[in-house]
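The structure appears right after this line, and notes come after that.
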Amino acid sequence: MTLAPGQPPAPPCPLHPVVVIGAGGIVKAAHLPAYGLAGFPVAALHDLDSAKARALAAEFGVPRVCETLAEAVAAAPADAVFDVAVPASALPAVLAALPDGAPVLIQKPFGEDLAQARQLLALCQRKRLRAAVNFQLRYAPCVAAARRLIAAGAIGELHDVEVRVTVHMPWHLWTFLEGLPRVEILYHSVHYVDLIRSFLGEPRGVYAKTVKHPRTSRLASTRTNIALDYGDLLRANITANHGHDFGQKHAESYVKWEGTRGAIKARLGLLLDYQHAQPDELEICRVDADGRPGPWQPVPLEGNWYPHAFIGTMASVMRYANGESADLPTCVEDAFRTMAVVEAAYESSARGATPIPPS
C-alpha cells in the first residue's frame, strides 16, 4: 500500500468572508494563520480589548476592527461566516447577537458544563444557526492521514485508541482559566474525547479522575486519566499530565491507534513545546501474514495540527453554507454529545473510586 500523505481539505467554492469575534492567543496562533494559508478572506475583527484587536488586525492585514459586537454584526457581509473565539462563559451573549441563520464556527468548549451546552444547543437551533464547534484536532493532517489508512484497512480492525500527553503546559497564557471550576478536561482533553468519538462512536460510559497540580494552585485540575467504556474488545484511554516540567527527554504527546494487523502513531509536536511547536509526525507498523511486525515506517505529512487543522473546520462550515456538503462533522448536535462525555468524566471523578474491600 502506498503511504499517501494527509491531503488538505477541498476548498469551498465560493469562499465566504470571515468575521472574527475574539482576538486572543488562539486566534493569533491558529485561526488567522490558517485562513491566510487557505486564502479565506477575513473581513473584520472584534474584541473587548480594542487595542489588542487593532494590533492583531495590523499584523494579519484585517481591513476592519469593530469596537463593539453590535458593530461587527452590522458590518458583516451578507454571506459572512462568524468565527466566535471567546471563552465558554461568553458564548450565550455572543451567539444570541448573531443574525438568524448565520453560518458560525464556535471555539470549543461548547459551554462550561452540560447544562450550558444544552442551552447553547437550543439557542443555535432556535436561531437556525448553521453552527459547528471548532474541534479541529479531527482535521489535523496526521489524524486525517491516519483515518484514511484505517479506512483503507491498513491496520486491520481498529480495537485500541490511546492518547498520552506528558508535557509542561504554559497555563499562564490563558489567564481567564484562573478560578474556573473546570480546566483540563473541559479546555484540553475535550479534544481527545471528541477525537475518539469520531473514530469509535459513542462510549457506553466513562471512568475518570482529574486532579490539581501543586505548582498551579490557582487552576483547577490539570492532570487527568480517562477510560472510555466501549465494551470488552475496544480500549480507549486518555492520559494527560500538563505539569511535566523536567525537560524534553521524557515528554510525550501522541495518539496511537492499534488494529488487528498493525498500528499507527501520531506525534503532536505542538504540545511538546507550546510556544515553539515541533513538527507533527506519523508512523505505521504492519504485521505480515504470519503475524510478525514489520518496521515502523514514516508517513509523509503536509502541515501540523496548528495552524493547518483550523483550515478544515472553517472549510467544513463554508461548504455546508454553500450546499456543497450535507454533512457538518462537528455540528453543534454532535458537539453536544462530546460535552455529554465530558460531563460524565467530571461526574466520575467527583464520585471517586470503588472502595477496596477490607481484609
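The values are calculated or read from the model by the stated rules, or taken from the named source; none is laboratory data. In this text, all values refer to a predicted model and were calculated from it rather than measured experimentally. FYI the Cβ positions are ideal-geometry reconstructions off the backbone, even for glycines, and counts take in every protein chain you see.
Residues in segment 139-170 that are over 17 Å from the mean Cα position of the chain (by Cα), buried (at least 18 other Cβ atoms within 10 Å of the Cβ) and either assigned to a helix (DSSP H, G or I) or not assigned by TED's automatic domain parsing to the domain that holds Ala240 (or both): Leu149, Ile150. Scan segment 254-265 and give yes if some residue there is of a type in the set (Phe, Trp, Tyr), free of Cβ contacts under 8 Å to residues at least 60 places away in the same chain and outside the structural domain of Phe82 (by TED's automatic domain parsing), otherwise no. No, there is no match, as no residue in segment 254-265 is of a type in the set (Phe, Trp, Tyr), free of Cβ contacts under 8 Å to residues at least 60 places away in the same chain and outside the structural domain of Phe82 (by TED's automatic domain parsing). Does Ser316 fit the bill of being on the phi < 0 side of the Ramachandran plot, touching a Lys or Arg at 6+ places or on another chain (Cβ under 9 Å) and either in a helix (DSSP H, G or I) or surrounded by fewer than 19 Cβ atoms within 10 Å (Cβ to Cβ) (or both)? Taking the combined requirement at face value, the residue does not satisfy it. When you look at Ala321, is it among the small types (Gly, Ala, Ser), in contact with a strand residue (DSSP E or B) (Cβ under 7 Å, 6 or more places away or on another chain), touching a residue at least 12 places away in the same chain (Cβ under 8 Å) and farther than 27 Å from Tyr207 by Cβ, yes or no? Here the answer is yes, as Ala321 does meet what is asked. Give me a count of the residues in segment 319-332 that are outside any helix (DSSP H, G or I) and either basic (Lys, Arg) or crowded, with 21+ Cβ neighbours inside 10 Å (or both). Of the residues in that region, 1 qualify. Looking only at segment 333-341, decide whether some residue is surrounded by fewer than 22 Cβ atoms within 10 Å (Cβ to Cβ), under 27 Å from Thr222 (Cβ atoms) and in contact with a strand residue (DSSP E or B) (Cβ under 7 Å, 6 or more places away or on another chain). Checked against the condition, which is being surrounded by fewer than 22 Cβ atoms within 10 Å (Cβ to Cβ), under 27 Å from Thr222 (Cβ atoms) and in contact with a strand residue (DSSP E or B) (Cβ under 7 Å, 6 or more places away or on another chain), segment 333-341 yields no hits at all. In the set (1) of a type outside the set (Lys, Arg); (2) on the phi > 0 side of the Ramachandran plot; (3) crowded, with 16+ Cβ neighbours inside 10 Å, His188 fails one condition alone, (2).
Among what's in segment 232-256 and is surrounded by 15 or more Cβ atoms within 10 Å (Cβ to Cβ) and among the charged types (D, E, K, R), pick the residue that is farthest from the chain's Cα centre (by Cα).
Only one residue tops the list, namely Arg235.
Check segment 11-18 and report whether any residue there is without any contact (Cβ under 8 Å) to a residue 60 or more places away in the chain and of a type in the set (Val, Ile, Thr). Checked segment 11-18: no residue is without any contact (Cβ under 8 Å) to a residue 60 or more places away in the chain and of a type in the set (Val, Ile, Thr).
Out of Ala144, Ala154, report the one residue that is within 30 Å of Thr260 (Cβ to Cβ) and out of contact with any strand residue (DSSP E or B) (no Cβ under 9 Å at 6 or more places or on another chain).
Ala144
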